[in-house]
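In what follows, a single structure is set out as structure tokens and then discussed.
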Amino acid sequence: MTTVWVNPVSVWVTVRDLALNGQRTQQQRVNQVSDDVYGEKTLAQYLDRAAFAQPQPGAFGNHVRNSIVGPGRWTVDLALSKVVNVTDRQILELRVEAFNLLNHFNWGNPTTNFNSGGFGRITSMAGDPRILQFGLKYGF
């Protein structure tokens, strides 16, 4: 089975309380000054810093929450099983499961802290690497 995810992200201003309301400084948004918010869509520049600006002191930013689509991710998962009759009343089930079978590297979300030096960069992996699981079941 192939699974595909899309990750919505938002750009935030952290560290300072620009809205001057004393609440939740980690969730104050920036002003979006351009509709083209994406950079080169590489690991080094997924978002374009020039598309955003700090809001004026005492004001909230106009950036809409979760309006940016982060890099999608996909995996291929597979399970195979075989039932073998040992005798009339005994069975043996062999099972192999693979998660992220192709070991596809899925990009994580870009850094969305506008005050960070790594803004717009992707520095993490999303999901797990390939995982293989084997099982044996004896029924009597």
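Go through the range 96-129 and give me each residue that's hydroxyl-bearing (Ser, Thr, Tyr), surrounded by 15 or more Cβ atoms within 10 Å (Cβ to Cβ) and out of contact with any strand residue (DSSP E or B) (no Cβ under 8 Å at 6 or more places or on another chain). Outline the logic, then answer.
To start, the set of residues in the range 96-129 that are hydroxyl-bearing (Ser, Thr, Tyr) comprises 111-112, 116, 123-124.
Next, only the ones that are surrounded by 15 or more Cβ atoms within 10 Å (Cβ to Cβ) stay: 111-112.
Within the range 96-129, Thr111 is the sole residue that qualifies.
It is to be established whether one or more residues within the range 12-25 are surrounded by 15 or more Cβ atoms within 10 Å (Cβ to Cβ), more than 30 Å from Lys137 (Cβ to Cβ) and modelled with pLDDT of 90 or more.
Taking every residue of the range 12-25 in turn, none turns out to be surrounded by 15 or more Cβ atoms within 10 Å (Cβ to Cβ), more than 30 Å from Lys137 (Cβ to Cβ) and modelled with pLDDT of 90 or more.
Looking only at residues in the range 32-42 that are in contact with a Leu (Cβ under 7 Å, 6 or more places away or on another chain) and either without any contact (Cβ under 8 Å) to a residue 60 or more places away in the chain or outside any loop (DSSP other than H, G, I, E, B) (or both), which one is surrounded by the fewest Cβ atoms within 10 Å (Cβ to Cβ)? Give the derivation first.
First, the residues of the range 32-42 that are in contact with a Leu (Cβ under 7 Å, 6 or more places away or on another chain): 37-39.
Narrowing the set further to residues that are either without any contact (Cβ under 8 Å) to a residue 60 or more places away in the chain or outside any loop (DSSP other than H, G, I, E, B) (or both) leaves 37-38.
Details: Val37: 21, Tyr38: 15.
The selected residue is Tyr38.
Consider the range 50-73. How many of its residues are under 28 Å from Ala126 (Cα atoms), surrounded by fewer than 14 Cβ atoms within 10 Å (Cβ to Cβ) and not small (Gly, Ala, Ser)?
4
Let me confirm something: among Arg121, Arg130, which residue is within 20 Å of the chain's Cα centre (by Cα), closer than 27 Å to Ser10 by Cα and among the basic types (Lys, Arg)? Spell out the reasoning first.
On the way: Arg130 fails: closer than 27 Å to Ser10 by Cα.
Answer to the check: Arg121.
Report whether or not Val86 is of a type in the set (Val, Ile, Thr), loosely packed, with under 12 Cβ neighbours inside 10 Å and farther than 25 Å from Glu40 by Cα. Can you show your working first?
Values: of a type in the set (Val, Ile, Thr): yes; loosely packed, with under 12 Cβ neighbours inside 10 Å: yes; farther than 25 Å from Glu40 by Cα: yes.
Here the answer is yes, as Val86 does meet what is asked.
Would a scan of the range 75-82 turn up a residue that is farther than 16 Å from Met1 by Cα and among the β-branched types (Val, Ile, Thr)?
Step one: of the range 75-82, the residues farther than 16 Å from Met1 by Cα are 82.
Now drop any that are not among the β-branched types (Val, Ile, Thr), which leaves none.
Scanning the range 75-82 turns up no residue that is farther than 16 Å from Met1 by Cα and among the β-branched types (Val, Ile, Thr).
Being among the aromatic types (Phe, Trp, Tyr), in contact (Cβ under 8 Å) with a residue 12 or more places away in the chain and more than 20 Å from Val11 (Cβ to Cβ): is that true of Trp74 here?
Working: among the aromatic types (Phe, Trp, Tyr): yes; in contact (Cβ under 8 Å) with a residue 12 or more places away in the chain: yes; more than 20 Å from Val11 (Cβ to Cβ): yes.
Yes, satisfied.
The values are calculated or read from the model by the stated rules, or taken from the named source; none is laboratory data. Not measured: the values here are computed from a predicted model. Positions of Cβ are generated from backbone atoms using ideal geometry, with glycine treated the same way; all protein chains shown enter the neighbour counts.
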